[in-house]
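Working notes, beginning with the structure itself.
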Amino acid sequence: MVIAVAALLMLAKVPALVALAVSVVVVMPLSLLVFGKLRRRVAIGMAERGAERKARREELLSQLRGDRAADAG
């Protein structure tokens, strides 16, 4: 997206360095709108994976303490 916006600005006769700087500033908030759904899906997936890891870790720690017998299988 940065390259596309920079290219459009350069077609409008804006110097390359200025076009690149402006495109970075413009694309950052724009990407929140464009990729919002994907960003939420990734955040939910990370939260679920973190919860699974925490539950597994607690289970292993419990087994190490001897609170519950290890599963046979």
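Throughout, read-outs are computed from the coordinates displayed, never taken from laboratory work. The model shown is predicted, which means the values in this text are computed figures rather than measured ones. Here the Cβ positions follow ideal geometry from the backbone for every residue, glycine too, while neighbour counts run over all protein chains shown.
Among the residues of segment 15-29, those identified as surrounded by 13 or more Cβ atoms within 10 Å (Cβ to Cβ) and either of a type in the set (Gly, Ala, Ser) or within 21 Å of the chain's Cα centre (by Cα) (or both) are 19, 21, 23, 24, 26, 27. Against the test of being assigned to a helix (DSSP H, G or I), free of Cβ contacts under 8 Å to residues at least 12 places away in the same chain and surrounded by 12 or more Cβ atoms within 10 Å (Cβ to Cβ), the options 39, 49 yield a single qualifying residue, 39. The conditions of being without any contact (Cβ under 8 Å) to a residue 24 or more places away in the chain and not in a helix (DSSP H, G or I) are met by residue 14. So is residue 33 in a helix (DSSP H, G or I) and more than 17 Å from the chain's Cα centre (by Cα) or not? No: the conditions fail for residue 33.
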